[in-house]
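Working notes, structure below.
Every read-out reported here was derived from the displayed coordinates using simple, explicitly stated rules and does not represent laboratory data. The model shown is predicted, which means the values in this text are computed figures rather than measured ones.
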Amino acid sequence: MLLSSGKAVLCDWGLAKRYRKGSYITTSKGSIHYSAPELLAHSPFEGPEADVWSLGVVLYAMLTNRLPWVERTAAAMRERIVCPPTFYGTDVS
C-alpha cells in the first residue's frame with residue numbers, strides 16, 4: 001500500500017489487529033513461515049517487533065527467491081524458527 005506521504009507500507013488486512021503502544025498481543029494468525037519466534041512460543045508480544053520479523057522474512061525471500069526455513073511438518077518448522085541454527089547459508093552475505 002502507498003500512503004499519501006509516498007511511504008510504502010506492507011499490509012494484510014485479513015490478518016490485521018489493533019495495537020496500542022505498550023500493550024501485548026496474546027493471539028496470532030497467519031502463515032507459520034513468517035511468524036516471529038515469540039508467536040510460535042505462545043508468548044505475549046508487541047506487534048511492531050513481530051511485524052519487523054515478518055518483514056525480514058519477506059526481504060530474505062525477495063533476495064534469495066526462497067524462504068529461510070523449509071521443513072516437512074509444522075512442528076519441525078516451529079522448532080527451526082524458535083531455535084534457529086547459527087549458519088544460514090552462503091547465498092546471503
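Solvent-free Debye calculation, one equal scatterer per alpha-carbon of the range 1-83: log10 I(q)/I(0) at 0.23, 0.27 Å⁻¹ equals -1.24, -1.44.
Quick check: residue separation of Val9 and Ala75 times 0.36 nm, minus the Cα distance between them. What number comes out in nm?
Values: separation 66, 0.36 × 66 = 23.76 nm, distance 3.09 nm.
Net length gain for the segment: 20.7 nm.
Multiplying the residue separation of Val52 and Ser28 by 0.36 nm and removing their Cα-Cα distance gives an extension gain of 7.1 nm.
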